[in-house]
Amino acid sequence: MRHPLIILCALMVVSCSQKSDISKQSDTVNENNSVTADSKFDFYSDGVLTYIDAEELCEFNFDFFLPQLNQKLTKKELKLDVQTTDDYEQSFEIKINGQKIKLYSNEELSNGKFWDSGPCNFFRIVNNILKEKNIDEQFYLLYGGNDLHAVFLTKDQFELMSKTNENDKNEIPYLP
């Protein structure tokens, strides 16, 4: 019975040693493929990425995503208050922290471009609020339509995400 225990212990030591070596290798920097702590940043984590859905936003259903945005902004001591105006169904206007904005125009609604302009206008105002509060992160948009996501990044993180995904343009976020 002693021999199986000794063999089991030896295997555990070897396994831990191999995992340590692999970890060291992944942290090694070489000229062709540098790996830094920053490049290990998870762009797709819940702390960074928020599912928006352009249809929900453009149909004035902010409760779909606003709690998740505010959860990220709480760390920055900021909260978004988004309200529809009394005539929002005709004017397409909302208020974000008291600032009135037009999500999209009648023309954009008619030609189908409101799916793009609504989220861009919304997040452009949100990013202006972030700048006014001297917050260095901004919301970048990723994908579109029902797959629309917002990515909360610093400029350096945005550049890293863009570089990491340079061969897959669909994975590069954009400023609204």
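Rule-based calculations on the coordinates, nothing more; no lab input. Remember, predicted model here, so these are calculated numbers, not experimental data. Note: ideal-geometry Cβ built from the backbone for every residue, glycine included; neighbour counts use all protein chains shown.
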If we count every other residue with Cβ under 12 angstrom of TYR88's Cβ, Lys/Arg +1 and Asp/Glu -1, where does the sum land? -2
If each residue of separation counts as 0.36 nm, what is the full-extension length gain between ASN61 and ARG124 once their alpha-carbon separation is subtracted? 20.9 nm
What is the spin-label model distance, in nm, from LEU80 to LYS155 if the labels are put 7 Å beyond Cα along the C-beta direction? 2.2
Just report the Cα centroid separation between the range 46-73 and the range 108-161, whole Å. 11
